[in-house]
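Take a look at the structure below.
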Amino acid sequence: MKSMLVLSTFLLVPVQQASLASSNTLGSDQQAELVEVVQVASNFLARSAWGSLEKWRGATLSEPFPLYNLDNRLSSYGFNVIGLNGLCGYIIVNTDKNDAPVPEFGDSPGLPFLKKYSELSANVGNFLVQGQELKETKVIYFSASTFLAEFIIRQEDNSQIPLIFDLQTGEILSAPPPKAIVSDAPSKTENQRAWALLKTSNSASSDSVFLERIISGVPAYYWFMGCSPTSGGMVMGYWQPRGYPNLPLGNSLIGELAIWMHTSPDGSTLLANIPGGIYQVGANHGYYFQSWNDGTGRPYSTIGEFMNEIQYSRPLLVTVSGSSTYCNHTMAGYGYRVDNGVYYIVVHDTWDSNAHYLDYNSSVVNNPTWTYVVPH
């Protein structure tokens, strides 16, 4: 069996010192594309070190990590952000010029999938039987904070089979998930303007507009019984010390929400059941929580509506409907960031305690629905 992929060097090599040896296997067009991607990532890093990302000031980037889609196309690259005290963030840069240049970034200690991917790479041999060998491996980037690992296994008769793992849970999937349904929600015009900005500038101009608002005190709960009850628990948990002391917290609150949202044993929740579950759990403890889904009768919810809730210090649930390829994903939205006309929503994604910034005009926020939570 071939040796497993070693990731430890990737974690600490800044772009400025990297040879980008992996580009040797790329064609001339892909090499030019990679050079442009690195420039975009560097410019984005330089112009983003403000507000909640002040710790990025003076930071460097790791070598680019290739990310693929279900069609086996190299669709984006991931970078670790390396600050004075070590890993302090990540940036994902697209290769599709019609999509957002930076669909996602965050303040976690490096790319969020790397630890699980490293563990699986080191142990994938446990899944092989005699006569099988590991041929290749890749990470597939689907949507907001959704990553899979695919290990291609070659058998004695030279046929190939894929082993696909969820990089949030480490669980093996029985089959490749279906492709995402892509709507026309992302704005090509806005995205092309953002590409032009990042390809030519690494600093703000005098007329640049920077805005940010983050609601403090929103708990970051880890996935339990489903992403919808977990995200609902974060939003309701925010209100508990703000005049609603009878509400439970943590897994007790999430478990109760899972019951009233009618979440299935595999963690799936119908979007239509989320508001009713929030209302009922509030009522169980003597409170009235008004909750409803936005976007009904429209293709998607708007960024202005999201920002309005944040301005009123009301966190909300974010469901990317049809964006995640094997299930819809619900997260807790608690902030926004505007960088020269590019709008990012800030979420806890149920898989870690860090902030994840998602470009509203990108395909990773395809067909979003906001679930409002307003206590009375």
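Every read-out reported here was derived from the displayed coordinates using simple, explicitly stated rules and does not represent laboratory data. Not measured: the values here are computed from a predicted model. Here the Cβ is made from the backbone with ideal geometry for all residues, glycine too, and neighbour counts use every protein chain on show.
Once Rh for the stretch 28-129 is found with the Kirkwood sum over Cα pairs, what is the Stokes-Einstein diffusion coefficient at 10 °C and 1.306 mPa s, in µm²/s? Working shown, then result.
Working: Rh = 14.7 Å.
Value of D from the Cα-based Kirkwood radius: 108 µm²/s.
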Before anything else, pin down the relative contact order of the stretch 211-375: Cα pairs under 8 Å, at least 6 apart, normalised by residue count, whole percent.
28 percent
Can you give me the pair-distance distribution of the stretch 211-375, C-alpha pairs, 5 Å bins, whole percents?
2, 10, 20, 25, 22, 14, 6, 2, 0
Computed for the stretch 211-375: size of charge dipole around the Cα centre, +1 on C-beta of each Lys and Arg, -1 on C-beta of each Asp and Glu, debye to nearest 20, value 260 debye
May I ask you to list the aspartates and glutamates whose Cα is less than 16 Å away from that of K55, ignoring any residue fewer than eight positions away on the same chain?
D107, E212
Compute the length gained on full extension between E171 and H285: take 0.36 nm times their separation in residues and subtract their Cα-Cα distance, giving the result in nm to one decimal.
37.5 nm
Computed FRET efficiency, Cβ-Cβ of H376 and E54, R0 51 Å: what is it to the nearest 0.05?
0.85
Here the residues of the stretch 73-96 lying in the modelled label zone of A196, meaning backbone nitrogen under 20 Å from a point 7 Å along Cα-to-Cβ, are 94-96
Work out how much length L70 to L211 would gain on full extension: take 0.36 nm times their residue separation and subtract the Cα-Cα distance, in nm to one decimal.
47.2 nm
Among Y288, G226, L247, the residue whose Cα sits farthest towards the positive end of the charge dipole of the stretch 211-375 (+1 at Cβ of Lys and Arg, -1 at Cβ of Asp and Glu, taken about the Cα centre) is Y288
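Grab the beta carbon distance between R242 and Q39, set R0 = 41 Å, and tell me the FRET efficiency rounded to 0.05.
Details: r = 45 Å, r/R0 = 1.09.
After rounding, the FRET efficiency stands at 0.35.
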